[in-house]
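Encoded as structure tokens, the structure appears first; notes follow it.
The values are calculated or read from the model by the stated rules, or taken from the named source; none is laboratory data. Nothing here was measured: the structure is a model prediction, and the numbers come from that model. Note: ideal-geometry Cβ built from the backbone for every residue, glycine included; neighbour counts use all protein chains shown. The area values use the complete protein model at the heavy-atom level, side chains included, leaving out ligands, DNA and RNA. Shrake-Rupley method; radii C 1.70, N 1.55, O 1.52, S 1.80 Å.
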Amino acid sequence: MSRSVFQMELERICRGKVLFDESLLEHTSFGIGGPAEALVSPADIADLQQVLTLAKRETKPIFVIGRGTNLLISDAGVPGLVLRVNQACSEIDTSDGRISAGAGVELPRLLQFCLQQGLGGLEFAAGIPGTVGGAVKGNAGILKAEISDPLLEVDTLNVNSLEFTTLKKNQIIFEYRRSNLPKELILTVVTFQFYPEDPVNVKTRIEDYLKTRLTSQPVGKKCAGCVFKNPLGYSAGQLVEQAGCKGMSCGDAVVSELHANFIINRGKAKASDVLKLIEKIKERVNNVTGIELELEIEIVGQ
Ligand SMILES: Cc1cc2nc3c(=O)[nH]c(=O)nc-3n(C[C@H](O)[C@H](O)[C@H](O)COP(=O)(O)OP(=O)(O)OC[C@H]3O[C@@H](n4cnc5c(N)ncnc54)[C@H](O)[C@@H]3O)c2cc1C
């Protein structure tokens, strides 16, 4: 297939990995998603700046993807550039008791680092499969703790102005499964303050969290975690179960029998199947309980 001028220029300037018309199915935990016009993993920050400069000149939209574990990508795919910072922002540094992790670092790797260093405060994240950047953007967590708790500051790069800014925790609003970090900011590095802890205790807590997940969630299945946010005072999973939605399906998208707030792709589910199933669940829950469920997963693409 012949390359457009934009594609040739992107390949020329980017020292990292560039894939055109790349199916995003392989890049999401749902195993669902149409193609990205270009999926780009810049080699380092300078490379990322070059790519952003070109995207701006060519007025290409930009979407940053982490591990794709909280996303439902549309069947039509994503126009413009889908950017990954897994190569450009992959370091973990420690100084003065602070830990700075690249936004592309996966949470399980950061957790392993904390265990090796004898640091406590991140154990709650055991079993959350995303990157540091994705976790901070959506304030990932569990009932008792969230990623903003140990966070000190976030380094960002603005896709429009190409300016770097460091935001202190008190400059960001973190709420239940959301932050007010604007779309035009790419998170590059996140600095945390963990506390010294006996590695034996860290390991025990990690194992306890993982054990709880194994018995209550469809671990290992193609899914994107909890589909709906818990409405104040309620568990979304219990509401979905109460409305009789367990096992309900659309195509290959099915409501988990183990945890009703998980939709599983049992084979070749399309985004359109998941969206139809979501609508059916919302309607049933609303009819039975009068409560309007809100999405926790993010829908991306046309
Ligand atoms: C089995 C399973 C269990 C889960 N359990 C939990 C749980 O207990 N608690 C919980 O909160 N979540 C859970 N999740 C959901 C998901 O893992 C988290 O939301 C995770 O933090 C998303 O990270 P990610 O890297 O996959 O982000 P993605 O899904 O790729 O992206 C999420 C958002 O972050 C943005 N983003 C990603 N990286 C950057 C960056 N560098 N700069 C700017 N924006 C960025 C994206 O643009 C998007 O808006 C679970 C998911 C699965 C599959």
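Data overview
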{"item": "Residues located in the stretch 161-217, provided they are part of a loop (DSSP other than H, G, I, E, B), at negative phi and of a type outside the set (Ser, Thr, Tyr)", "result": "Glu163, Ile172, Ile173, Asn180, Leu181, Pro182, Lys183, Glu184, Phe194, Glu197, Asp198, Gln217"}
{"item": "Of residues in the stretch 283-302 being open to solvent by less than 50 Å² (accessible area, probe 1.4 Å) and part of a helix (DSSP H, G or I), the one farthest from the ligand (Cβ to nearest atom)", "result": "Thr289"}
{"item": "Residue list for the stretch 93-122, restricted to those being open to solvent by less than 30 Å² (accessible area, probe 1.4 Å) and hydrophobic (A, V, I, L, M, F, W, C)", "result": "Ile99, Ala101, Ala103, Val105, Leu107, Leu110, Leu111, Cys114, Leu119, Leu122"}
{"item": "Filtered residues of the stretch 1-41 (kept if in a helix (DSSP H, G or I) and open to solvent by 10 Å² or more (accessible area, probe 1.4 Å))", "result": "Val5, Phe6, Gln7, Met8, Glu9, Glu11, Arg12, Ile13, Leu25, Glu26, His27"}
{"item": "Any hit, the stretch 260-267, residues being outside the structural domain of Tyr176 (by TED's automatic domain parsing), over 20 Å from the mean Cα position of the chain (by Cα) and β-branched (Val, Ile, Thr)", "result": "no"}
{"item": "Strands (runs of 3 or more DSSP E) enclosed by the stretch 42-120 - at least 3 residues per element that are without any contact (Cβ under 8 Å) to a residue 24 or more places away in the chain and away from the ligand (no atom under 16 Å from the Cβ)", "result": "92-95"}
{"item": "Test: residue in the stretch 75-87 that is polar (S, T, N, Q), open to solvent by 40 Å² or more (accessible area, probe 1.4 Å) and within 16 Å of Thr188 (Cβ to Cβ)", "result": "yes"}
{"item": "Residues of the stretch 133-157 satisfying the condition of being over 15 Å from the mean Cα position of the chain (by Cα) and of a type in the set (Lys, Arg)", "result": "Lys144"}
